[in-house]
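Engineer: Below is one structure. I have some questions about it.
The values are calculated or read from the model by the stated rules, or taken from the named source; none is laboratory data. A quick note: this is a predicted structure, and the numbers were derived from the prediction, not measured. Heavy atoms of the whole protein, side chains included, go into the accessibility calculation; ligands, DNA and RNA do not. Shrake-Rupley method; radii C 1.70, N 1.55, O 1.52, S 1.80 Å.
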Amino acid sequence: MTRRRAILSGSTFEERIGYARAVVDGDRVHVSGTTGFDYATMTISDDVVEQAEQCLRNVAAALAEAGCGFADVVRVRYLLPDREDFEPCWPVLRRCFGEVRPAATMMVCGLADPRMKIEIEVEARRAGPEG
């Protein structure tokens with residue numbers, strides 16, 4: 001039987017909107033679109049690179065709670081309101097995914113809050129149902 005478990009980060013958005021930061025479903029981990037908010041303080045930098053770094057810290061925390069890490073990521077999606085902001089983030093993204101080489105997509109779209117400059121969503125596979 002597949003075990004499904006929700007992982008919450010403490011973001012006020014999760015409670016207000018009704019979603020989990022991540023869902024573990026057997027060996028699969030689905031991390032919701034994650035922005036550059038520091039969930040402890042609910043603050044966000046004006047700088048896209050700093051936001052990307054915070055996104056990845058938030059994603060890493062969700063993956064760790066799910067029993068995996070960046071090495072287990074098989075799919076990543078980048079969402080940005082401004083395509084010009086993507087290239088400055090490449091060095092930060094490469095640090096996490098350069099060796100892993102997950103399937104990736106970048107989309108230009110509006111985000112929920114005008115302060116958000118990047119959102120990152122990942123899917124990962126764990127070694128087994130228990131991690």
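Engineer: Express as a percent, rounded to the nearest 5, the fraction of DSSP beta bridges in the chain (both residues included) that run antiparallel. Provide the component values of the computation, followed by the final result.
Structural biologist: Details: 21 of 27 bridges.
Counting DSSP beta bridges with both partners in the chain, the antiparallel share is about 80 percent.
Engineer: Also: Could you give the length gained on full extension between Arg3 and Val100, defined as 0.36 nm per residue of separation minus the Cα-Cα distance, in nm? Let's see the in-between values first.
Structural biologist: Values: separation 97, 0.36 × 97 = 34.92 nm, distance 2.60 nm.
Roughly 32.3 nm would be gained on extension.
Engineer: A further question follows. Once you keep just the Cα pairs under 8 angstrom separated by 6 or more residues, what percentage relative contact order results for the chain? Numbers along the way, then the final one.
Structural biologist: Values: 255 pairs, mean separation 42.2, N = 131.
Result for the chain is 32 percent.
Engineer: On to the next question. Which whole-number percentage describes the relative contact order of the stretch 29-102, with Cα contacts under 8 Å and a sequence gap of 6 or more? Mind dumping the intermediate values first?
Structural biologist: On the way: 59 pairs, mean separation 22.6, N = 74.
Dividing the mean separation by the residue count of the stretch 29-102 yields 31 percent.
Engineer: Please report the carbon-and-sulfur percent of the accessible area for the stretch 82-131; probe 1.4 Å, protein heavy atoms only, DNA, RNA and ligands left out. Write out the running numbers ahead of the final one.
Structural biologist: Working: 1580 of 3230 Å².
The C+S portion of the solvent-accessible surface of the stretch 82-131 is 49 percent.
Engineer: How much accessible area per residue does the chain have, in Å², with a 1.4 Å probe?
Structural biologist: Details: 7210 Å² over 131 residues.
Accessible surface, normalised per residue, equals 55 Å².
Engineer: How far, in degrees from 0 to 90, does helix 86-97 lean away from the longest principal axis of the Cα atoms of the chain, to the nearest 10?
Structural biologist: 30 degrees
Engineer: Between helix 48-66 and the chain, what is the angle of the helix's C-alpha long axis to the longest principal axis, kept within 0 to 90° and rounded to the nearest 10?
Structural biologist: 10 degrees
Engineer: Follow-up. How much length is gained if the chain between Tyr19 and Ala112 is pulled fully straight, taking 0.36 nm per residue apart and subtracting their Cα-Cα distance, in nm to one decimal?
Structural biologist: 32.0 nm
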